[in-house]
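> The structure follows.
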Amino acid sequence: MPIYEYRCETCNDDFETLVIGSQEVSCPKCGGPVHKLMSCCSFKSAGGDFKTSGGGKSSCGSCSSASCASCH
Ligand SMILES: [Zn+2]
């Protein structure tokens, strides 16, 4: 199931939603336009400060859901 994290461009609310195909996503609070965020794991590893030792993709798998909040 592809779950992506989005941020509202109007109220800056972050939320995660399940996206099927090319379904359009809008803010659940204000209905405004949103843009997709990178997962927090790939964002941190790109910054060079957070490197998983061996197979970072396995830890990123759980990060796309609830445990993602612990990365912030
Ligand atoms: Zn909004």
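> Being open to solvent by less than 90 Å² (accessible area, probe 1.4 Å), among the β-branched types (Val, Ile, Thr) and modelled with pLDDT of 95 or more, is that true of even one residue in region 22-40?
Looking through region 22-40, at least one residue is open to solvent by less than 90 Å² (accessible area, probe 1.4 Å), among the β-branched types (Val, Ile, Thr) and modelled with pLDDT of 95 or more.
> Given the structure, is Glu9 within 16 Å of the ligand (Cβ to nearest atom), open to solvent by 50 Å² or more (accessible area, probe 1.4 Å) and modelled with pLDDT under 90? Spell out the reasoning first.
Working: within 16 Å of the ligand (Cβ to nearest atom): yes; open to solvent by 50 Å² or more (accessible area, probe 1.4 Å): yes; modelled with pLDDT under 90: no.
No; evaluated as a whole, the condition is false for this residue.
> Here is a follow-up. Please go through region 16-27 and give me each residue that is within 9 Å of the ligand (Cβ to nearest atom) and under 19 Å from Met38 (Cβ atoms), ordered by number. First the steps, then the outcome.
Kept after step one, since they are within 9 Å of the ligand (Cβ to nearest atom), are these residues of region 16-27: 26-27.
Residue satisfying the conditions is Cys27 alone.
The values are calculated or read from the model by the stated rules, or taken from the named source; none is laboratory data. Predicted, not measured: the structure shown is a model, and the values here were computed from it. Glycine also receives a Cβ, built like all others from the backbone with ideal geometry; neighbour counts cover every protein chain displayed. Remember, those area values only see protein heavy atoms, side chains included, never the ligands or the DNA or RNA. Shrake-Rupley method; radii C 1.70, N 1.55, O 1.52, S 1.80 Å.
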